[in-house]
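The values are calculated or read from the model by the stated rules, or taken from the named source; none is laboratory data. What you are looking at is a predicted structure, and each value in this text was computed from that prediction instead of being measured. FYI the Cβ positions are ideal-geometry reconstructions off the backbone, even for glycines, and counts take in every protein chain you see. These accessible areas exclude ligands, DNA and RNA; they are computed on the full protein's heavy atoms, side chains included. Shrake-Rupley method; radii C 1.70, N 1.55, O 1.52, S 1.80 Å.
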Amino acid sequence: MADKSFFIDTTRCTACRGCQIACKQWNMNPATKTVQRGSHQNPEDLSYVTYKLVRFSEFEQDGKPVWYFFADQCRHCTTPPCKIVAESINVKSIKQDEATGAVLYDPKVKVKEKDYKEIRGSCPWDIPRWDEKTQGMAKCTMCIDRIKEGLLPACVKTCPSGAMNFGDREQILAMAKERLDEVKKKYPKAELLNHDFVRTIFLVVDDPKKYHKFAAANDDTFVASLNRSSVLVG
Ligand code: SF4
Ligand code: SF4
């Protein structure tokens, strides 16, 4: 099985949240009690039982309302800082699947809160989550159990708009670059976020920070994160 990747084209996302629900359903994660916070985004953030979250960002620009959607999840980094840090502090719950490149957490392994904070702090996209009750860490699994059976990840399978895509990394990179060229004609600021070192590649048309604070790691952040991991390892 080849190296895999996601391509998330935010220009096609309608914020239906089908991906978020499909993720919950496939992973048998319970619903989260939500409250109206003045946004359609619910729940408020990723959690131990929410691996996929459609983030809503609403603001005014040049007198016009702007609404951006960002179907957030683990980036399945090519060199995952979370794994490097975990190994350096003797936490044995993170593995990387050799065939697909998926970065996999074992929620059954207990992790001390201070170690979890170290691991979460190493992720430039602020993804890992921990549960006080079980003491385990969890996040997106790339639906490894589905893809080993030749199925698409649940979020991709359910997406009705073509925003979520998944496949062999080479093909996904080619698809993302082709779409970027097309989108740039209308939105010159369009870019692919961190595509060289992640397996979840987002296409955005504006400053990534307008979508979500942790939408993109600039190269310096990522390198700093890796250096910090190496220092811990070293
Ligand atoms: S996005 Fe964060 S949690 Fe996911 S593999 Fe990369 S460092 Fe680890
Ligand atoms: S299923 Fe597709 S269109 Fe719906 S919120 Fe997720 S990415 Fe957007």
- Task: Could you check, for the range 112-124, whether at least one of its residues is under 24 Å from Phe166 (Cα atoms), at pLDDT 95 or above and among the acidic types (Asp, Glu)?
- Result: no
- Task: Looking at (1) among the aliphatic types (A, V, I, L, M); (2) within 16 Å of ligand 2 (Cβ to nearest atom); (3) in a loop (DSSP other than H, G, I, E, B), find the lone condition where Leu151 falls short.
- Result: (2)
- If you go through the range 91-123 one residue at a time, how many are small (Gly, Ala, Ser), within 16 Å of the chain's Cα centre (by Cα) and closer than 23 Å to Cys143 by Cβ? 2
- Message: Consider the range 120-147. How many of its residues are among the basic types (Lys, Arg), open to solvent by 40 Å² or more (accessible area, probe 1.4 Å) and more than 22 Å from His212 (Cβ to Cβ)?
- Response: 1
- Query: Does Cys82 qualify as being touching a residue at least 40 places away in the same chain (Cβ under 8 Å) and not in a loop (DSSP other than H, G, I, E, B)?
  - Reply: yes
- From the option list Ala31, Ala2, single residue qualifying as open to solvent by 90 Å² or more (accessible area, probe 1.4 Å), more than 16 Å from ligand 2 (Cβ to nearest atom) and more than 14 Å from Ala215 (Cβ to Cβ) is Ala31
- Considering the range 148-157 alone, what residues qualify as being buried (at least 19 other Cβ atoms within 10 Å of the Cβ) and away from ligand 1 (no atom under 16 Å from the Cβ)? Ala154, Val156
- Restricting attention to the range 58-108, which residues are of a type in the set (Lys, Arg), within 16 Å of ligand 1 (Cβ to nearest atom) and open to solvent by 20 Å² or more (accessible area, probe 1.4 Å)? Lys83, Lys92, Lys95
- Criterion (open to solvent by 30 Å² or more (accessible area, probe 1.4 Å), modelled with pLDDT of 95 or more, within 16 Å of ligand 2 (Cβ to nearest atom) and on the phi > 0 side of the Ramachandran plot) met by exactly one of Arg17, Arg12: Arg17
- Task: Keeping to the range 120-148, report how many residues are of a type in the set (D, E, K, R), touching a helix residue (DSSP H, G or I) at 6+ places or on another chain (Cβ under 8 Å) and not in a helix (DSSP H, G or I).
- Result: 3
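Which ones in the range 158-174 are surrounded by fewer than 21 Cβ atoms within 10 Å (Cβ to Cβ), more than 13 Å from ligand 2 (Cβ to nearest atom) and under 18 Å from the mean Cα position of the chain (by Cα)?
Gly167, Asp168, Arg169, Leu173 - these are the residues of the range 158-174 that are surrounded by fewer than 21 Cβ atoms within 10 Å (Cβ to Cβ), more than 13 Å from ligand 2 (Cβ to nearest atom) and under 18 Å from the mean Cα position of the chain (by Cα).
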